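To start, the structure under review is shown below, and the notes come after it.
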Amino acid sequence: MNMVGERDEGLNEAAHLRRLLETQPSCLMRIGVEDGRMLAINDAAQRLLEVENLGQALGTSFATRIASAQHGSWSEFLARVWSGTPGSCECELIDGSGGQRTVVLSGISLPDHPDGIPSVLVTAQDRSVLTRLTETLSESQIERERLQADHAAELIRVEETLAARHEEHLRAQAQDSAQALEALREELQQAIAVREQLETQLAKRDALHRQLIAEHESDQTVVERVLAAAAIKRERVRKELTDALVERESLIEHARRLAPLVAAGRMGLQIARDLRRATVTVEARAAQLLAQCPPEADVRKEIEILRNDTLWANALAGQIVDAHSEAEMSAGLDVSIPALIDIGVGNEGQ
């Protein structure tokens, strides 16, 4: 285990969070707490803001996308979410074409993001569709009531007409009862036809009203399922982050236990290198003395023994140095245990 592996693991987690942002069906945005800048958005949020590319949104303040009268509510919501208090905020969002739509914002804080920038993860739910459905339902209800009123008025008019015609019929019965009765029958048929037409229109309005209610309930069910799936994924990401922190603490503790052994090994390696350099010097000096000493001298044998012992010590020190070099080549890197401990302790506060 080494710091390179920990850094790669942090990058992999950041990439995983970025993929979640880009593939979520909900509108997700990562917003900085200090300046309110948009740090990351997914495709759904890009469509909601009506921007052609990410460059038009990233790095800009989200407050510029909100109606000016609601900037105070947005600032309070951002501070509340960063402090860990859950909640939501309803505001008017200004899209790319300058129009406004009602959205509901919810969020969670991201205090441990790999880039170290204090930020919150905000979800946006477009309420404009629901508002339009509600307005359509209201208009349908008003139209239905108007048709009912027209129907009632038409029935009253027909009844009044029938009554008037009946009186006329009674007055003219003596003169032309057959003709008056035929005219009355035709007017009655016309009134029935008008009534049937009004009832047909009313039935169509009722069917449209029921269809709009069904569509509204279906949209609400889809939104609830999406929010539930997002909550499950959020819990899974939180668990993975917790497991990574536990593993990092275990690595740091293991590095602390290995530090004395590594220090002792390096000290032995340095002694072996110094001994090897010293034996090389002694062996060279012994070779010079043997060259200068006569063959029959008594001290020559002692010099040869000293030279052989020096060569043996040099070979032994060389085995230690060579073994360490082979270990470094097989590992492919030189891990600094004390540096690992210092960096790990420094990161604990963060």
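FYI, it's all coordinate maths here, none of it is from the lab. Since the model is a prediction, treat every value here as computed from it, not as a measurement. Positions of Cβ are backbone-derived with ideal geometry, glycine not excepted, and every protein chain shown enters the neighbour counts.
The string of couplings for region 206-220 from the Karplus curve (6.51, -1.76, 1.60, θ = phi - 60°) is 5, 5, 5, 4, 5, 5, 5, 5, 5, 5, 4, 5, 5, 4, 5 Hz, one whole number per residue in order, with x for Gly and Pro. With both labels modelled 7 Å from their Cα along Cα-to-Cβ, the S75 to L202 distance reads 5.7 nm. Computed with the Debye formula from one identical point scatterer per Cα of region 128-230, without solvent, the log10 of I(q)/I(0) at q = 0.18, 0.21, 0.22, 0.25 Å⁻¹ comes to -0.89, -1.03, -1.07, -1.20. Spin-label pair R195-A229: with each label point 7 Å from Cα along the Cα-Cβ axis, the two points sit 5.3 nm from one another. Around the amide H of R127, modelled in the peptide plane, lie the amide H atoms of T102, V103, V104, all under 5 Å away and 5 or more residues distant in sequence or on another chain. Maximal additional length on extending the T161-Q179 stretch stands at 4.8 nm, based on 0.36 nm per residue less the C-alpha distance. From the alpha carbon centroid of region 81-105 to that of region 288-317 is 90 Å.
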